[in-house]
Structures are given as structure tokens and as C-alpha cells.
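Only the coordinates and a few stated rules stand behind these numbers; no lab work does. Just so it is clear, the structure is predicted and the values come from calculations on it, not from any experiment. All Cβ positions, glycine included, derive from the backbone under ideal geometry; neighbour counts span all protein chains shown.
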Amino acid sequence: TGRVNTGGDPIYALFMYDMDAINDPDGEPIELIEGVENMQVLYGLRSTGGIVSYVQADDPQFIPSRVHSIQVGLLMASIEGTSDQRDERTYQVLNTEIGPAGGSSDVTHLDDFRVRMAFNTTVKVRNRRADP
């Protein structure tokens with residue numbers, strides 16, 4: 001966001017662009033939710049046998065017309081450090097482990113006093129047009 005809390009730590013957020021104005025050089029992103037530190041998305045692809053497997057959008061198996069469901073995971077963090085202990089926990093956001101900076105996780109969060117919580121959900125994609 002370019003903003004910092006009273007402790008000088010960065011404030012994270014989830015932003016979006018207006019797709020009608022995506023090519024507008026003056027188009028500004030719109031902040032949706034403050035406190036989103038990490039977001040993961042997986043796409044559930046249904047095979048011809050009916051089995052659903054979850055992949056990232058850059059996976060060679062990703063075929064948009066086969067998307068059956070979408071998994072979304074968020075790691076949310078308080079804006080200010082309100083805990084009396086450093087956050088040394090590891091969080092599971094979909095299939096990604098997010099640990100404290102300086103730890104063994106590939107993806108990390110700041111080693112600070114913020115309160116964090118992981119949210120994961122699966123949404124079935126309905127009413128999408130079938131392949132012709």
C-alpha cells in the first residue's frame with residue numbers, strides 16, 4: 001500500500017484493477033481489503049473421469065474451460081502489532097506453508113507482533129458455459 005503502521009512495518013492490502021481501464025496508463029488500483037498479507041489461488045480441474053485436481057494458473061495442465069471449482073486462501077494480518085509475543089507460527093494457506101522470516105519456509109511473513117489468521121475456502125463454479 002505504501003503505508004506503514006505506527007511501528008514502521010508495511011501495511012499490506014488486496015487491490016484490484018478495473019478491467020475496462022486496465023490499459024489506461026493513469027488507471028489506479030482500487031484497494032479492496034486492508035490486511036491481506038498473502039493470497040493463494042488454485043483452480044480445480046475436473047478430468048473426464050470426474051476427479052478434481054487443483055493447480056495454479058501457470059500449470060501446463062490449466063485449461064480454463066475445465067475449471068470446476070476455485071480454492072482461495074488468505075493470510076490476514078492486523079495492522080498494528082497488538083500481540084505481546086512475536087508471531088513465530090507457521091500458517092497453512094492452501095498448499096503453501098508461510099513461516100516467520102528467517103525460518104525454513106520458502107514463503108515467509110514478518111517476524112513481528114501482529115495477529116495473523118489464515119482463511120481457506122473452496123467455491124464451486126456454477127452456471128459457466130459448457131464447451132461447444
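Every residue in the range 9-35 that is touching a Phe, Trp or Tyr at 6+ places or on another chain (Cβ under 6 Å) and of a type outside the set (Asp, Glu), please.
Hit for the range 9-35 is 29, nothing else.
When you go through 50, 27 one by one, which is the residue that is surrounded by fewer than 16 Cβ atoms within 10 Å (Cβ to Cβ), in contact with a helix residue (DSSP H, G or I) (Cβ under 9 Å, 6 or more places away or on another chain) and either farther than 25 Å from residue 114 by Cα or among the hydroxyl-bearing types (Ser, Thr, Tyr) (or both)?
Working: 50 fails: in contact with a helix residue (DSSP H, G or I) (Cβ under 9 Å, 6 or more places away or on another chain).
The match here is 27.
Anything in the range 1-35 that is assigned to a loop (DSSP other than H, G, I, E, B) and either charged (D, E, K, R) or more than 25 Å from residue 87 (Cα to Cα) (or both)? List them, or say none.
Start the filter on the range 1-35 by keeping residues that are assigned to a loop (DSSP other than H, G, I, E, B), which leaves 1-3, 5-9, 11-12, 17-18, 22-29, 35.
If the condition is that a residue be assigned to a loop (DSSP other than H, G, I, E, B) and either charged (D, E, K, R) or more than 25 Å from residue 87 (Cα to Cα) (or both), then 3, 9, 17, 18, 22, 23, 24, 25, 26, 27, 28, 29 are the ones that fit.
Tally up the residues in the range 41-64 that are more than 15 Å from the chain's Cα centre (by Cα), part of a loop (DSSP other than H, G, I, E, B) and small (Gly, Ala, Ser), please.
So the answer is 3.
Within the range 71-107, restricting attention to residues that are outside any loop (DSSP other than H, G, I, E, B) and without any contact (Cβ under 8 Å) to a residue 24 or more places away in the chain, which residue is surrounded by the fewest Cβ atoms within 10 Å (Cβ to Cβ)? Spell out the reasoning first.
Kept after step one, since they are outside any loop (DSSP other than H, G, I, E, B), are these residues of the range 71-107: 71-77, 91-93, 96-100, 107.
Narrowing further to those that are without any contact (Cβ under 8 Å) to a residue 24 or more places away in the chain: 97, 99-100.
Details: 97: 14, 99: 17, 100: 18.
Once the filter is applied, the top-ranked residue is 97.
Listed residues 38, 120; which is farther than 25 Å from residue 4 by Cα, of a type outside the set (Lys, Arg), within 14 Å of the chain's Cα centre (by Cα) and not in a loop (DSSP other than H, G, I, E, B)?
Values: 38 fails: farther than 25 Å from residue 4 by Cα.
From the options 38, 120, the qualifying one is 120.
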